[in-house]
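**Student:** If you scroll down you'll find the structure; I have some questions about it.
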Amino acid sequence: MSGLGDRLKEARKAKGYTLDDLQAITKIQKRYLAGIENEDYSMMPGSFYVRAFIKQYAEAVGLDAQEMLSLYRENESSEQMKEEEIQRSAPQLSQKPGYMKSGRMNEVLPKIIAALFIIVILAVVIFLYQHQANAPEPEVGKSDEITVDKNKSEDSKADGKKDEGGKDAESKDDATKPNEPEEEPEEEPAPEQTLTQGAVNGPTTTFTLENTDTFKLSVKVKEGGESWIGVTDQSGQELLPQGARVMKNGEEEQLELTDQQSARVRVGRTQFTEILVNGQPLTYPNDTVTQNIIIEYKK
């Protein structure tokens, strides 16, 4: 025990906060706060979140966040040294021949697949080139001449009829012409939705959504990554179906928020998290890892 948990707990009690009060202030789940006080990080989603939660806890109770993080790192370093000593003392197992063969096969297999892929591409290119070269060219000449002659004969017939009929033929042609429909006025296109970035206050950025009748929010974690995500309404009520949590490896949540005035998205790792508003990607204002995104919906 490094004494980190006891110092945080004493500072919390000195402020008169319960764990429920601290949960409402920091938006960190109560079980994580209790784990920090007991210096039991087994239920935490990872060391990144442990450091982030300790920093938020310390700031909420008025302690120096960097000092608390130093205590955590000292304890973490001592634990790692113990694990390294245990690993050094453990006998090393010799690699089996079968394992070495499979390792070599794993190295060679991607090269074989890449070579086959290139061969297939070359075969397709050669086939398309030969097919195009063997295609017959369209004949020009005879069809063009026939078309010209036909047009000339039709023109001569039309001239003869006009000479014979005179004004009566012209008036008859005018009477048989159909009434042309009046052109309808073009409707002005409806204005497209706008998602405008507003003020940036530390890790919190406000966006304004306008010119749309719907407010649909999609939060997705990229393949191979994970991120702690929470979505709350203007009163602080959690909107995710399973509550704020760590989402992993392509997991996505879609929320219908048309009846809400605003939504607050807490993102633990922005580099792995995509936010879409009515299908439009939201661009983070900066490269800060942990951010709060507030979207105000103007109906």
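The values are calculated or read from the model by the stated rules, or taken from the named source; none is laboratory data. As the structure is a computational prediction, the values presented were derived from the model and not from experiment. Every residue, glycine as well, gets a Cβ built from its backbone with ideal geometry; the counts of neighbours run over all protein chains shown.
**Student:** Anything in segment 83-133 that is of a type in the set (Lys, Arg), more than 40 Å from the chain's Cα centre (by Cα) and at pLDDT 55 or above? List them, or say none.
**Tutor:** Scanning segment 83-133 gives a single hit, Lys101.
**Student:** Report the residue count in segment 243-263 for those that are surrounded by 18 or more Cβ atoms within 10 Å (Cβ to Cβ) and under 17 Å from the mean Cα position of the chain (by Cα).
**Tutor:** Summing the residues that are surrounded by 18 or more Cβ atoms within 10 Å (Cβ to Cβ) and under 17 Å from the mean Cα position of the chain (by Cα) in segment 243-263 gives 1.
**Student:** Also: From Glu187, Glu182, Glu223, grab the single residue that is at pLDDT 90 or above, among the charged types (D, E, K, R) and either over 17 Å from Ile295 (Cβ atoms) or part of a strand (DSSP E or B) (or both).
**Tutor:** Glu223
**Student:** Restricting to segment 272-284, give me the number of residues that are more than 13 Å from Phe207 (Cα to Cα) and either of a type in the set (Phe, Trp, Tyr) or over 10 Å from the mean Cα position of the chain (by Cα) (or both).
**Tutor:** Qualifying residue count for the region: 2.
**Student:** So Glu76 fits all but one of (1) at pLDDT below 90; (2) farther than 21 Å from Glu226 by Cβ; (3) surrounded by 13 or more Cβ atoms within 10 Å (Cβ to Cβ); what number is the exception?
**Tutor:** (2) is the only condition that Glu76 fails.
**Student:** OK, next. Looking at (1) in a strand (DSSP E or B); (2) among the polar types (S, T, N, Q); (3) within 19 Å of Phe53 (Cα to Cα), which one does Ser218 not meet, given that it meets all the others?
**Tutor:** (3)
**Student:** Follow-up. If only one of Ile36, Ile28, Ile54 is in contact with a helix residue (DSSP H, G or I) (Cβ under 8 Å, 6 or more places away or on another chain), in a loop (DSSP other than H, G, I, E, B), at pLDDT 90 or above and under 28 Å from Gly225 (Cβ atoms), which one is it?
**Tutor:** Ile28 is the lone residue from the list that is in contact with a helix residue (DSSP H, G or I) (Cβ under 8 Å, 6 or more places away or on another chain), in a loop (DSSP other than H, G, I, E, B), at pLDDT 90 or above and under 28 Å from Gly225 (Cβ atoms).
**Student:** Moving on. Only one residue in Gly236, Gly268 is among the small types (Gly, Ala, Ser), touching a strand residue (DSSP E or B) at 6+ places or on another chain (Cβ under 7 Å) and either free of Cβ contacts under 8 Å to residues at least 40 places away in the same chain or not assigned by TED's automatic domain parsing to the domain that holds Met44 (or both), so which one is that?
**Tutor:** Going through Gly236, Gly268 in turn, the sole match is Gly268.
**Student:** Something else now. Kindly evaluate Ser218 against the criterion of being within 17 Å of Leu282 (Cα to Cα), hydroxyl-bearing (Ser, Thr, Tyr) and in contact (Cβ under 8 Å) with a residue 60 or more places away in the chain.
**Tutor:** In short, yes.
**Student:** Identify, by number, the condition in (1) over 24 Å from Lys248 (Cα atoms); (2) not in a helix (DSSP H, G or I) that Met43 doesn't meet.
**Tutor:** So the condition that Met43 fails would be (1).
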